[in-house]
Structure formats: C-alpha cells, structure tokens
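The values are calculated or read from the model by the stated rules, or taken from the named source; none is laboratory data. Everything numeric here is computed off the predicted structure, so don't read it as measured data. Here the Cβ positions follow ideal geometry from the backbone for every residue, glycine too, while neighbour counts run over all protein chains shown. Accessible surface areas use protein heavy atoms only, side chains included; no ligands, DNA or RNA. Shrake-Rupley method; radii C 1.70, N 1.55, O 1.52, S 1.80 Å.
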Amino acid sequence: MANMSLEKVKMREQDPIVRARNFDEVTLGYSAEEAVEEATRCLGCKNSPCVSGCPVGVKIPNFIQKLVSGDFSGAIDTINETNALPAVCGRVCPQESQCESKCVRGIKGEPVAIGRLERFAADWARENRKSAQAVAAKSNGIKVAVVGGGPAGLTCAGDLVSMGYDVTLFEAFHVAGGVLVYGIPEFRLPKAIVRHEIETLERRGMKIVTNFIVGRTMTIDEMFADGFKAVFVGSGAGLPRFMGIPGESLSGVYSANEFLTRINLMGAYRSETDTPLKKVKKVAVVGGGNVAMDAARCALRVGAEKVYIVYRRGMDEMPARVEEIHHAEQEGVEFKLLHNPVEILADERGAVRGAVLAEMELGEPDESGRRSPVDSGRRTEIELDCVIMALGTSPNPLIASTTDSLSTNRRGCLEVDDDLMTSRPGVFAGGDTVTGAATVILAMGAGKRAAEAMDRYIKSL
Amino acid sequence: MFRIAEKKDLAEGLTLMRVEAPNVARRAAAGQFIIFRVDDEGERVPLTIADANREKGLITIIFQQVGASTMKLGALNVGDCIRDFAGPLGRASELDDFKRVCVIGGGCGCAIAYPQAKYLHSRGAEVDIIAGFRTKELVFFEDEMKAVSSNYYLMTDDGSAGEHGLVTNKLTELIESGRQYDAVIAIGPVPMMKFVCLATKPHGIKTIVSLNPIMVDGTGMCGACRVTVGGKTRFACVDGPDFDGHEVDFDELIRRNVIYREEEAAARDHVCNLRKEAEHLG
C-alpha cells in the first residue's frame, strides 16, 4: 500500500538568515529514511506519465521502486542508463514543469518529489561507491568531437563514450562544466558535485581538452581534416544582452554573466583567489529569470545590504522557478515589480549612484502570451552602487562565423534538422546554441538525441 | 600546463617569455591575444601575442609586472609551467590593404606594435615606426623594430634617448612634412591612442587602435570588455581588439579601465609583501 500523504516529505534547508551570508548549499537533501518514505508515495503507474515529462527519459517509477526496496545502488544504475548527470538534474531541473507536473499524485496534493529522490540516489552513489563505478567503455576507435563542456556537450559526450566512440571534448575555459560552473552558484549546485560527475565521464574514457576555443584554436573544418568523423556543437548561448540605456557602461554595471563568473568560476568571494570583485552595498538585478535570482542571491552572499529584483512585469509573469523566487524572498531580496530602468546615474567618479526607474503597467498579452509591460510615464529614483543586467543571452557567433556553410536563424541560433544535424553534414548541434537560452535539462535532452543521431550518421558513412 | 621555454628581462619590470603552446601557435596571427591563468587561484588575464613560432610551437608574450597576476607570472622561470594559456583569441588585424603605414607603439605597447610592423614589412608595405617610452631604461626592441621598418623614430618623455617628446609630436611633424600614410596603427596607453586619433582625424588618415579593456573570459561571455565604438556597444574580445580609432569612446574606456584600481593595488601590495618575506627568509 502506497504512502498516501498528500505532501512531499520536507527537505531540510539552511536557515534563510544564516544561508544568505554563506555559499554552502541551501537545501540539504534527504536522509535514507526520508528518501524511502517519500519513495513509497509513488504509485508505480504502469503507463508512467512522469517519464514522458523527462527530456532524457529517466525510468522514474523503476528507480523509485528500487529506493523503496532499499536497493540504492540499483536505483542509481537505473537513472544512469539515461542520465549522465543525475546529481545536477536532481538539483536544478524544473521538475514542477516536467516529470512532477505529470505525476498522478499531483492531481490531489503534491506530486512525488522525483527531483529530490534523484538527487538522493546520485548523492548516495557519490558518497558510498566511489571506486566501483565508472569502468572505461570499450572503444571502437572512431574519433568524434564535442565542442563545449556544458550540459549538452557533457551528455552527448557521455552517451557517445557509452556507444564506444573515441570522444574528445573541447572546452574554451580552463575547466569544463559550462553554465554548471560559471553560472549556477555554489549554494544551488556545489562545484565539487559537478567536478565529480565530469571525472566519472573521464574515467569512462571521455577526453577533455581545456583552453581550446573551437573557431579560433582550431576550426571545425580542420577537425574533420584531423580525423574526426562527426562534431557536436554545444557552445551555449553565452553573449550577454544589455538594455542600451544611458549609464550602462559605468563602473558598477555588470552583465549577470560577468558577476556570476567572477563569483562562481573564479571564486572571487574567497580571499585566496586573485579575481577582484567590488564591494557592493545596494544592488539592483534587472530581470526576472533564474539567472536574475542567482545574481541577487550571490549579491547578498558577497555582503550587499540591500538587493532588489527590478522586473518590468508582475510576479505571475516572472520566468524564474517558483522555488528560486521563494528562496530569494526568504533571504531578503526585495522585488520591485512593474519597474524598468531607463537610466543609470553616475557619481562624480563615474561609478553607479542610482537608477531612474519607469513605473510600468500591464497591457495586452504579447507573442509570449504574457501581458506586456507598458511605460506609465511615471518615474522613481533609487540609490544603488551596483546594477546587474540579467536580460538573457544570445548564442556565441564564433563557430558559425568561422565554419563554412553553417546556417543560423535571425537570432543567431544554429539551424538544425530533426536529427539535430546542421546545414553542414556531420556537424550536429544542440542546447542553447540552437534554442537560445533555456534550461540545463533541455540541453541535456538535445545532447542525448544528437548522440543517437551521430551514431546513425557515422554508421551510414 | 604550459612550459616556459625562455625568459628575458627587456627593461625595468618588463619581461619577455616564450611559452610552449603549440595549439595557440598553430593559428596565431598579428593582433590576437591569449588569456593566461598563473595557478589554480589565478585570475584570467589577457595578453596580446607578440610573436608566434609555428614550427617550434612557441608563443611570445611581453608583459609589464604591474599587477598581482603579472608579478606572479614574472616570478616564474624557464622550465616552470603556467596553469592555463588559451588562444588565439580575438580577430586578427586586417592589414593587407595597407601599403604605407605608420606604426606607433607606446611603452609596453611596442611589444604589440612590433608583430604588426613585422607582418606589414613582410608583405612589402613601407613601414615607419614611432616608438615612445618614458625614459632610456625602458626602451626595448630597438634593433627588432629597425629591422622591420624604413624609418624608426625613438621618442622619450625626458629626452634621455632618441628625441625628446611624445609620439604625437613626431607623428604630426611627419604628416605636416608631407609624409603620406594609408593607415596609422597605434598601440599603447589609452590616452596615447586617444591623442594619436585626434592628430590623424583632421587629415582623414585611417587609424587602427588595439584596445585593452578589462576582461574575464575573453570569449564574448561576460561583457566586461564592452567599449562604445561608433555609438554601439562592442565587445573587445570578440569584435576586436582592433577598432577604428576615430569611432572609439576613449574617455569611457579610460574610466572603465580603472574600475578595479583599489582592489588591484591591495593585491599588488600583498604579492610584494609575500616576496619581501620570502627574501627575508631566504
């Protein structure tokens, strides 16, 4: 008989007041007892609607039933059949709009906490069976290249390794991980976990070359000449957008990418590191997505006294996950909704001293279906010393501009067919570089599909 | 890891290194740069490529030991390794159309002006070089620059070597004496580039500058290196580092380049103190 509690087993969290000043993980995960208790809420539906909500098709009821019987090792093996990065997904996937949104238990009460259970299984494996797992896959000697070490590239590389390919992953930065290491902060996704997942892939045979900028260090054309039979491009959507308003180049105005990269990738909040970070007191983060929440919560943790989210629409229109908004509010981030900066003000030294905000009103729905913000004409001024632009990103044009016959759409995204192959035979692409900025799990789903298509393509040569 | 194959002190605080980086050397061209990270806690710092030897897989960098990271780099010796060394980054300079060029280097900027002059000279262009330094002790690459130019003019602020005066004095003198140039290439401190552009603008001489804003990733991701060029926001790392000098908002660049001045000073003092302690112990 299933556990018929209407609510998920609560996951312990650090106290909001304490955690807003440290970089330790906010949520603490389930204990074995809590995991088993939550697992018993799963009805094990035969048609498994949850699986259809998962971009990488994790066999959810199967792994949960293994947890129920205490077979934690079997649970992680089941997850790993389709998901190379479960400790990451269990933490950062928007389960509420994917697997959990399809859960039958969610019709009356809360759905099964699939994400938390996935995280538990992955964390258990990391802590309890370090040596046993990750045997190198048998190589077929066929060289394939993966460009970009983010979620799409890592997933694609992991699947290609499992199929026996000789996979080299090229990473522009000094460390692989992409948005998992430069974007998502330590307190949501500890970097040791990302490192562990990547090391597991390396032990299975994936080679990583860092400091290698495809398009500059080597072009894709040269990669084919070098013996690679197929190339997957997962170079992400890295180029930050700015608003184009006066004052945007003042000292104290950052893209969210820069602010987060200084903190997460370069560790600027730790005194041992050389990368500088200005002391900030009053911060406005412009935007309403997950990246905006991450930047706001990082600003608190590096010592800001006051942090605003400035968003031009209302709370209901905010694209960030409910959980992220909730965590930010708990930690003391103040939401200035229906406001939009029109000018950033300078002090006599050319640094930010404040911003002029337009008060907005909601008008008719736009093409996104959300009611569009309209300038009311009213203005307010706030005092600030830092403004962080979290307005979204566009794909990096480097690869398209240095590779023959790769077509892009008007937003600069690579165009692909149903098999995720670009206009250039043998070159596949997936993740944000195709879709524009989206989620980790969608990028992983694309990496997975591309790996299958690359396998078919190579076999057809 | 990237091994240092050669190290030379060119002048006070100015160091040349040749680094084993075959992947970078294979496609490096004049005008491009690398990003280095000294060690695991190091920051990512851009340096323009001063020379590349494809056969030997070597990249030459020249840097002034002005901040914590360049001082840490300067403390390494032949045989030591640099943690990370990524490149070539940025667009290569587009120099092929020019037949008569004046290349201007200011201080450490001469290290970057040199490969440009060398490339132009190798393509048969007529190259004049104006090299400016504060004082005699800081002069470097005199012979190298002479070898790749028709005329080499050395200027010092205090007159201790070459002629007394600024590079812009010499440039104006040459232009007014009737010297014709298709282009002027100016590389050096931002104020120098600004004044070179002011000098060439009335004569309508195309002027290319190589910008050196603050960068973090160097691949277009962070936007820290944004500069206003022709009224538009451009990223020096992917759209540059070369730009049409007559379009660049230099005053904004000067303001942005000192954003971390206080933090840099603190970090530099920290490294200096560590060195002093080490010397004391040694």
Query - Residues satisfying the stated conditions in segment B:203-220, i.e. more than 18 Å from the chain's Cα centre (by Cα), facing chain A (nearest Cβ under 10 Å) and open to solvent by 10 Å² or more (accessible area, probe 1.4 Å) - result: B:Thr219
Report summary line: Across (1) modelled with pLDDT of 95 or more; (2) in contact with a Ser or Thr (Cβ under 7 Å, 6 or more places away or on another chain); (3) within 9 Å of chain B (Cβ to nearest Cβ); (4) buried (at least 21 other Cβ atoms within 10 Å of the Cβ), A:Gly238 clears everything bar (1)
Query - Filter pass, A:Glu25 being surrounded by fewer than 21 Cβ atoms within 10 Å (Cβ to Cβ) and part of a helix (DSSP H, G or I) - result: no
Query raised in the report: What single numbered condition from (1) open to solvent by less than 10 Å² (accessible area, probe 1.4 Å); (2) under 26 Å from A:Ser423 (Cα atoms); (3) modelled with pLDDT under 95 fails to hold for A:Ala125?
Result: (2)
Report summary line: Exactly one of A:Leu67, A:Leu85 is modelled with pLDDT under 95 and not acidic (Asp, Glu), and that residue is A:Leu85
**Report entry** Residue match in segment A:359-372 (condition: in contact with a His (Cβ under 9 Å, 6 or more places away or on another chain) and assigned to a strand (DSSP E or B))
**Finding:** yes
Query raised in the report: Hey, any hits in segment B:242-258 for a residue that's assigned to a loop (DSSP other than H, G, I, E, B), more than 7 Å from every other protein chain (Cβ to nearest Cβ) and either touching a Leu at 6+ places or on another chain (Cβ under 8 Å) or surrounded by fewer than 16 Cβ atoms within 10 Å (Cβ to Cβ) (or both)?
Result: yes
Query raised in the report: Just one of the numbered conditions (1) open to solvent by less than 30 Å² (accessible area, probe 1.4 Å); (2) of a type in the set (A, V, I, L, M, F, W, C); (3) under 30 Å from A:Arg297 (Cα atoms) is not true of A:Leu442; which one?
Result: (1)
Query raised in the report: Does segment A:428-436 contain at least one residue that is within 30 Å of A:Leu345 (Cβ to Cβ) and not in a helix (DSSP H, G or I)?
Result: no
Report summary line: The condition of being without any contact (Cβ under 8 Å) to a residue 60 or more places away in the chain, touching a Phe, Trp or Tyr at 6+ places or on another chain (Cβ under 6 Å) and surrounded by 23 or more Cβ atoms within 10 Å (Cβ to Cβ) holds, among A:Ile309, A:Ile263, only for A:Ile309
Report task. Would you check which residues across segment A:347-358 are in a strand (DSSP E or B) and within 12 Å of chain B (Cβ to nearest Cβ) and list them? Result -> A:Ala351, A:Val352
Query raised in the report: Does A:Arg195 fit the bill of being facing chain B (nearest Cβ under 9 Å), over 30 Å from A:Thr380 (Cα atoms), at pLDDT 90 or above and part of a helix (DSSP H, G or I)?
Result: no
Query raised in the report: Before we move on, is B:Val227 part of a strand (DSSP E or B), facing another protein chain (nearest Cβ under 9 Å) and of a type in the set (Val, Ile, Thr)?
Result: yes
Report task. Considering (1) buried (at least 23 other Cβ atoms within 10 Å of the Cβ); (2) polar (S, T, N, Q); (3) closer than 20 Å to B:Val238 by Cα, say which one A:Ser407 fails and leave the rest. Result -> (1)
Query - Candidates B:Leu166, B:Leu95, filtered to the one that is in contact with a helix residue (DSSP H, G or I) (Cβ under 8 Å, 6 or more places away or on another chain), open to solvent by 60 Å² or more (accessible area, probe 1.4 Å) and either touching a residue at least 12 places away in the same chain (Cβ under 8 Å) or within 14 Å of chain A (Cβ to nearest Cβ) (or both) - result: B:Leu166
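Residues checked against (1) at the interface with chain B (Cβ under 9 Å from one of its Cβ atoms); (2) over 24 Å from B:Gly231 (Cβ atoms):
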| site | (1), (2) |
| --- | --- |
| A:Phe212 | yes, yes |
| A:Arg216 | yes, yes |
| A:Glu222 | yes, yes |
| A:Phe228 | no, yes |
| A:Glu248 | yes, no |
| A:Val253 | no, no |
| A:Ala256 | no, yes |
| A:Phe259 | yes, yes |
Query raised in the report: Tell me, which residue of segment A:167-192 that is among the hydrophobic types (A, V, I, L, M, F, W, C), within 13 Å of another protein chain (Cβ to nearest Cβ) and open to solvent by 20 Å² or more (accessible area, probe 1.4 Å) is farthest from B:Ile35 (Cα to Cα)?
Result: A:Val179
Report task. For segment A:336-343, indicate whether the set of residues that are in a strand (DSSP E or B), out of contact with any Ser or Thr (no Cβ under 6 Å at 6 or more places or on another chain), open to solvent by less than 10 Å² (accessible area, probe 1.4 Å) and at pLDDT 95 or above is non-empty. Result -> yes
Requested in this report: Would you point out the residue of segment B:47-60, among those that are within 13 Å of the chain's Cα centre (by Cα) and modelled with pLDDT under 95, that is nearest to the other protein chains (Cβ to nearest Cβ)?
Outcome: B:Ile49
Query raised in the report: Which ones in segment B:199-224 are out of contact with any Lys or Arg (no Cβ under 9 Å at 6 or more places or on another chain) and outside any loop (DSSP other than H, G, I, E, B)?
Result: B:Ala199, B:Lys201, B:Pro202, B:His203, B:Lys206, B:Ile208, B:Ser210
